[in-house]
Amino acid sequence: MKILTLTRAAALAALSLPAVGARADAVIGSPAPAFSLPDTAGRTHSLSQYAGKWVVLEWVNYDCPFVGKHYNSGNMPALQKEYTAKGVVWLAVNSSAPGKQGHFTNDVIQSRSRSYGAAHSAYLLDPAGTVGRAYGAKTTPHMYVISPEGRLVYAGGIDDRATTDLADVQGAKNYVRAALDEAMAGKPVTTPTATPYGCSVKY
Amino acid sequence: MKSLPVLASLFLFSGLLGGPVEAGDASSGSANVTVRLVSEVLSIRPGKTFTVALQLKMAPSWHTYWKNPGDSGMPTRVVWTLPDGFKASELQWPAPARAVDGDLALYGYEREAILLTEITPGPDLPSGRFTLAAKVSWLECRDICIPGKASLDLTLPAAPGRGPAAIDPASKPLFVSARASMPRRSGALKVSHAVEGDRLILRIAGSPPGLGSPLEFFPETPGLIEAAQPQAVARAGAGWTISMKRATNASPPAAALRGVLVTNSSSRRLAWEVSAVAAPSSH
């Protein structure tokens, strides 16, 4: 009898197959929902292709004042730079529907990203909101950290200062940094979830 | 000096009359929200708590948020600068409303929100005038969100003597309206909470007058329930149960689950403060 061995990627895909349009759940400790989205350069990115890597998902809307706080202060670009240098795949995700705040042409996204000094690995486009809904993304920013085995280890707010003030970046407890540092060192994540804050995702 | 007793008596006279409440910058705002700081009293007395109102008026379609803003947004915040010895209570919030937009919901206010704070002067109050300064920050949203900030202040004279503080008749309607919008406390209300799978269940026993369908629960703590999901309300004998979908990755609720219960009947909107006790699960 031939025994079929699933590759890790296929196993991930099989474990996290939501029905089309259904709302899956992004549960801490469980496999993160699968996705496949184009980026602003037309390349497609799937979670499965990043098996074996740490992945950060960052829900973004450049016109939201909470996102502005983290970009105008340089906080988000600095995190992106620091962790992509450590091999983390950092994916910005835009689930703004056409006509709603945060929905831009690819040219505008690229130009705004450059002016912020953004250092994400790719900026993914989810105008139908399918992936946002699969992850239960509520705010911009809303952050997720996924392990190389495809499990969700952090979901929630970027830090503990739910304001739009740039001055609140310094001194805030950054939950994403903490989760990445702990998880990448093989330690349990002390705070696997925290209240996400920001503008609503513009589905 | 000869002039001193005259000055002192002039001051005493104005104190007896109640004196003007100076509104320095008591009103400010943005394009969509005006904010105003209003005192209920004309003068203050040592150790006697009095109430001030922060009134937010929102342009049509714009809203501000409750202490738990729901899925997004930011609650209105006040940072007080008070004279030595003065204390300010936490903000007292009017009953919120829920606005659902697809998968997401917010808890907050449209048109107007009057937040109350109780201020307690110290036990010793030299005669003079006392300035209460408030740095207010809020988030006003419609389809987009704009952060708002204002610095407001009020100056109140100290009135000599004992007895209750003089109420300002001009601000009375505002405070009547504010208190009517506040959730009330009722000894008749007995609420327990339990987690049953992916549902958070409230069991309400004891029916204070006016409590009835439609009924809605607003938890004080974010991240407990899915705010956009409908709450299943059912009669249970003389009481009610409310079944709510827990939020993904929700922690178990605290032993005392605090929030506001709102009856949104056609004639009146009534609200009660709730502190639900943990009940043993039925499973």
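Pick out the one residue from A:Y154, A:Y123 that is on the phi < 0 side of the Ramachandran plot, open to solvent by less than 60 Å² (accessible area, probe 1.4 Å), of a type in the set (F, W, Y) and within 14 Å of chain B (Cβ to nearest Cβ).
Details: A:Y123 fails: within 14 Å of chain B (Cβ to nearest Cβ).
When all the criteria are applied, what remains is A:Y154.
Whenever a residue of the stretch A:178-203 is within 13 Å of another protein chain (Cβ to nearest Cβ), its partners that are surrounded by fewer than 19 Cβ atoms within 10 Å (Cβ to Cβ) and of a type in the set (A, V, I, L, M), lying with C-beta atoms within less than 7 angstrom and at least six residues away or across chains, give the pairs A:T191/A:A178; A:P192/A:I28; A:T193/A:I28; A:K202/A:A97; A:Y203/A:A97. Looking at the stretch B:184-191, is at least one residue exposed (fewer than 12 other Cβ atoms within 10 Å of the Cβ), more than 20 Å from B:E118 (Cα to Cα), without any contact (Cβ under 8 Å) to a residue 12 or more places away in the chain and not hydroxyl-bearing (S, T, Y)? Yes, some residue in the stretch B:184-191 is exposed (fewer than 12 other Cβ atoms within 10 Å of the Cβ), more than 20 Å from B:E118 (Cα to Cα), without any contact (Cβ under 8 Å) to a residue 12 or more places away in the chain and not hydroxyl-bearing (S, T, Y). No other residue among A:S48, A:S73 is more than 13 Å from chain B (Cβ to nearest Cβ), of a type in the set (S, T, N, Q), open to solvent by 10 Å² or more (accessible area, probe 1.4 Å) and within 15 Å of the chain's Cα centre (by Cα) apart from A:S48. Within the stretch B:98-127, residues that are free of Cβ contacts under 8 Å to residues at least 40 places away in the same chain sit with their Cβ atoms under 7 Å from residues that are surrounded by 14 or more Cβ atoms within 10 Å (Cβ to Cβ), at 6+ positions apart or across chains, in these pairs: B:A99/B:H63; B:A99/B:A105; B:A99/B:L106.
Quick one: which residue in A:A122, A:A137, A:A118 is within 12 Å of the chain's Cα centre (by Cα) and more than 17 Å from A:S48 (Cα to Cα)? Break it down stepwise before answering.
Working: A:A122 fails: more than 17 Å from A:S48 (Cα to Cα); A:A118 fails: within 12 Å of the chain's Cα centre (by Cα).
Checking each option against the conditions leaves just A:A137.
Do the conditions hold for B:K149, that is, is it within 30 Å of A:P141 (Cβ to Cβ), in contact (Cβ under 8 Å) with a residue 12 or more places away in the chain and open to solvent by 30 Å² or more (accessible area, probe 1.4 Å)?
Values: within 30 Å of A:P141 (Cβ to Cβ): yes; in contact (Cβ under 8 Å) with a residue 12 or more places away in the chain: yes; open to solvent by 30 Å² or more (accessible area, probe 1.4 Å): yes.
In short, yes.
The residues in the stretch B:92-146 that are within 14 Å of chain A (Cβ to nearest Cβ), in a loop (DSSP other than H, G, I, E, B) and open to solvent by 60 Å² or more (accessible area, probe 1.4 Å) can be counted, and the count is 3.
Filtered by the rule that a residue be closer than 22 Å to B:P96 by Cα and among the small types (G, A, S), the stretch B:251-283 gives B:A254, B:A256, B:G259, B:S265, B:S266, B:S267, B:A271, B:S275, B:A276.
So which residues in the stretch B:228-266 are of a type in the set (G, A, S) and within 14 Å of another protein chain (Cβ to nearest Cβ)? Scanning the stretch B:228-266 gives B:A228, B:A247, B:A250, B:S251. Residues in the stretch A:95-120 that are within 26 Å of B:D103 (Cα to Cα), open to solvent by 10 Å² or more (accessible area, probe 1.4 Å) and touching a helix residue (DSSP H, G or I) at 6+ places or on another chain (Cβ under 9 Å): A:F104 only.
Report whether or not A:K53 is modelled with pLDDT of 95 or more, within 18 Å of A:L152 (Cβ to Cβ) and of a type in the set (D, E, K, R).
Working: modelled with pLDDT of 95 or more: yes; within 18 Å of A:L152 (Cβ to Cβ): yes; of a type in the set (D, E, K, R): yes.
Yes: the conditions hold for A:K53.
Look at B:D198 and say whether it is loosely packed, with under 14 Cβ neighbours inside 10 Å, closer than 30 Å to A:G198 by Cα and in contact (Cβ under 8 Å) with a residue 24 or more places away in the chain. In short, yes.
Quick one: how many residues across the stretch A:157-173 are more than 13 Å from chain B (Cβ to nearest Cβ) and open to solvent by less than 70 Å² (accessible area, probe 1.4 Å)? Step through it out loud before you land on a result.
Narrowing the stretch A:157-173 to residues more than 13 Å from chain B (Cβ to nearest Cβ): A:158-159, A:169-173.
Still in the running and open to solvent by less than 70 Å² (accessible area, probe 1.4 Å): A:158-159, A:169, A:171-172.
The number of residues fulfilling the criteria is 5.
From the set of residues in the stretch B:20-39 that are assigned to a loop (DSSP other than H, G, I, E, B) and modelled with pLDDT under 95, which is least open to solvent (accessible area, probe 1.4 Å)?
As a first pass, look at the stretch B:20-39 and keep what is assigned to a loop (DSSP other than H, G, I, E, B): B:20-21, B:24-26, B:30-32.
Of the ones still in play, those that are also modelled with pLDDT under 95 are B:20-21, B:24-26, B:30-31.
On the way: B:P20: 87, B:V21: 42, B:G24: 50, B:D25: 90, B:A26: 10, B:S30: 46, B:A31: 97 Å².
Result: B:A26.
The values are calculated or read from the model by the stated rules, or taken from the named source; none is laboratory data. Being a predicted model, the structure only gives us computed values, none of them experimental. Note: ideal-geometry Cβ built from the backbone for every residue, glycine included; neighbour counts use all protein chains shown. To get the accessible areas, we keep the full protein, side chains included, count just its heavy atoms, and leave off ligands, DNA and RNA. Shrake-Rupley method; radii C 1.70, N 1.55, O 1.52, S 1.80 Å.
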